[in-house]
1. For M160, all conditions in the list (1) open to solvent by 50 Å² or more (accessible area, probe 1.4 Å); (2) assigned to a loop (DSSP other than H, G, I, E, B); (3) under 22 Å from P40 (Cα atoms) hold save one; what is the number of the exception?
2. Can you name the helices (runs of 4 or more DSSP H) wholly within the stretch 1-93 that have at least 1 residues being over 21 Å from the mean Cα position of the chain (by Cα), farther than 19 Å from S222 by Cα and modelled with pLDDT of 75 or more?
3. Of all the residues that make up the stretch 170-227, how many are in a helix (DSSP H, G or I) and either in contact with a Lys or Arg (Cβ under 6 Å, 6 or more places away or on another chain) or of a type in the set (G, A, S) (or both)?
4. Suppose the filter is at pLDDT 90 or above and surrounded by fewer than 16 Cβ atoms within 10 Å (Cβ to Cβ); does F117 pass it?
5. In the list M170, M175, which residue meets the criterion of being surrounded by fewer than 23 Cβ atoms within 10 Å (Cβ to Cβ) and closer than 23 Å to L212 by Cβ?
Amino acid sequence: MTIFFFAIKRCFRNVMNIIFLCVLPILVILMPDEEWLPLPLGFQMYGVILLFAAGRIVSIMMDDRAKGILTRVGISPITHLQYLWQNLLAYSLILIVQVGLVIIAGSLYGHDLIHPFLLFVVYSLFALTAIGFSLAWFSLFRHKETAFAVLIGMVFLMAMAGGMLWPLDMMPELMQRFAMLLPTYWLAESITIVASQGDISELLIPFAMLLLFTIAFLIIGSKRRLA
């Protein structure tokens, strides 16, 4: 598990990573409630921060490729699979801990989160989806800077089209159908179900879709080695 612990340490060596992992979540907690949103404004947009945070930490593996570290891994007793899963496990743990702290701090701050535990499950599952998405995304690029620059626009497009920034019923019917192809749609759907105190069974389909997205992204991202 040496790679696992090393991956955790590396995530906090970069100032921008610290901002996305530690500073922006504080803004989520401090943002005010809005009557037209099912959750406080910050929690409604928290999925965007998770996507960016996942992109920042997963991009560390692109640094390994640029520095030739993965080439040395290839000739060591450590397999590519071991390197990959230990890194992804470390990133997942970091984001899930972040989600837990945000939910706890938000509740203590005075936000009415209705079902904090269910929200923790929703955001934790989406965090895994965000990591899988980032892995697949960065596997398409050769340069980290280019990949992250394009990712910024892609995340905002996914957030807008997926109903994270405004209600989906404000968009044309065709766009609403297209949104179902995005993981952000299923995050927004999960949040709406939890906030409206719907039956837990209603979360089965959104959860299943997020899991399918996660598996698909991981398969795509792991097919192409970052070496």
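The values are calculated or read from the model by the stated rules, or taken from the named source; none is laboratory data. Since this is a predicted model, take the numbers as computed values, not measurements. Note: ideal-geometry Cβ built from the backbone for every residue, glycine included; neighbour counts use all protein chains shown. The protein model used for the area step is the full one, side chains on, heavy atoms only, and it has no ligands, DNA or RNA in it. Shrake-Rupley method; radii C 1.70, N 1.55, O 1.52, S 1.80 Å.
1. Result: M160 passes all but (2).
2. 2-11
3. Result for the stretch 170-227: 9.
4. In short, yes.
5. So the residue among M170, M175 that is surrounded by fewer than 23 Cβ atoms within 10 Å (Cβ to Cβ) and closer than 23 Å to L212 by Cβ is M175.
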